[in-house]
Amino acid sequence: MNKILLQIANTIVANLANTEQVGLFDGKIGVCLFLYRYARYSGNRIYENIASNLLDEIFGQLKPDLSPSAIDGVAGIGFGLTNLIKEGFLEVDPSESVFHYVDEALFRDVRSPLMKEINFPIPLFSSGMYLLSRMSWRMDDIDNVWITGMIENSRSIIASGINNKRKLKLSLLNSMLYVLCGFYERLEVNKIGIRKLLNDILNLSVLSIDGHNYQDIDIILLEQIIKKLPEELKVTSGPVLEKIDYLDCFMDMEALDVWYDNAWWGILYNIPILEKISFENIKIYIDKKIQGSFYDISMINSKLSSAGLWLMSK
């Protein structure tokens, strides 16, 4: 595995000039995560220095009109920063928050970024996912107003779906299910209200599947998220799981293509996309991707970064 990781790292560094975006799935913060972890894994600080310079570039590219999304925007940068700090790659001065820009963009007006993102091609509850990542690091600098705002805006969106005022995509419902489940497990208050919202999301997920408001990856994610629900909530997930069982996602697709194209989703949700993959097959597959990288020069770094992160987690 050391050889394939070195090949991934050196391909990324050689192609770094073609990584222009700043996001998690498509840009520099995702590459930073890989390079920092690979520097520790390999014991070679050259990669850490490259990652540090890349992080400086990210801070230089922050601007008011950046997408709020965890995929390609502010929430993804916040998610990446949180992980780097949790893993000890960055030190935080308590008097100077590195999260100031992200917090301002996502929490100053909790409703605005969420309502903007709901109309994206792949809508997510990105601000909630970022907040949950912060909560998993430490709670003492989390403003309760942020949490309350997330829950209230979730309730409003869910109500619009129940009243048929808005067709909610499964990508959004998945992320709301994931975030509210995290709140349910971590918070001592409002558990009954959050539990009702989670049950409503499961019911809306059935409608979303019936209305074909999903991508295939959404089905895989939903199944894995349901597995992580608290036991008292799993009893209401039966109808959703029945729907999933009827679907033949990826039946005609190569398993390694599914893994390679969707690995960032697994990292964002901290769940496996595909659980049984041969390391030898991965080695051959990655080698072919690198050899043909000139066909995908703008995205090769992001995809290789997620593949490398997955490999180092095993």
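The table that follows gives values for the structure above.
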read-out	value
Condition check for residue 122: assigned to a loop (DSSP other than H, G, I, E, B) and either among the aliphatic types (A, V, I, L, M) or in contact with a strand residue (DSSP E or B) (Cβ under 7 Å, 6 or more places away or on another chain) (or both)	yes
Unmet criterion (only one of (1) of a type in the set (Val, Ile, Thr); (2) touching a residue at least 24 places away in the same chain (Cβ under 8 Å); (3) more than 20 Å from residue 135 (Cβ to Cβ)) for residue 74	(3)
Test: residue 64 is of a type outside the set (D, E, K, R), buried (at least 19 other Cβ atoms within 10 Å of the Cβ) and under 21 Å from residue 127 (Cβ atoms)	no
Residues located in segment 2-41, provided they are among the charged types (D, E, K, R) and modelled with pLDDT under 95	3, 20, 26
Restricting segment 23-67 to residues that are hydroxyl-bearing (Ser, Thr, Tyr) and assigned to a helix (DSSP H, G or I), the residue that is nearest to residue 87 (Cα to Cα)	36
Of all residues in segment 80-97 being touching a helix residue (DSSP H, G or I) at 6+ places or on another chain (Cβ under 6 Å) and outside any helix (DSSP H, G or I), the one that is modelled with the highest pLDDT	89
Residue selected from segment 255-272 under the condition of a type in the set (A, V, I, L, M) and either within 15 Å of the chain's Cα centre (by Cα) or outside any helix (DSSP H, G or I) (or both), by the criterion modelled with the lowest pLDDT	271
Residue check for residue 115: in a helix (DSSP H, G or I), aliphatic (A, V, I, L, M) and more than 22 Å from residue 187 (Cβ to Cβ)	yes
Where a residue in segment 109-135 is in contact (Cβ under 8 Å) with a residue 12 or more places away in the chain and of a type in the set (Val, Ile, Thr) and its partner, wherever it lies, is in a helix (DSSP H, G or I) and surrounded by fewer than 17 Cβ atoms within 10 Å (Cβ to Cβ), with Cβ under 9 Å and at least six apart	110/145; 110/148; 110/152
Residue match in segment 69-77 (condition: surrounded by fewer than 17 Cβ atoms within 10 Å (Cβ to Cβ), under 19 Å from the mean Cα position of the chain (by Cα) and not basic (Lys, Arg))	no
Residue, surrounded by the fewest Cβ atoms within 10 Å (Cβ to Cβ), within segment 1-12, restricted to residues that are farther than 15 Å from residue 303 by Cβ and of a type outside the set (S, T, N, Q)	3
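The values are calculated or read from the model by the stated rules, or taken from the named source; none is laboratory data. Just so you know, these numbers come straight off a predicted model, no measurement behind them. A quick note on method: Cβ atoms are made from the backbone with ideal geometry, for glycine too, and the neighbour counts reach across all protein chains shown.
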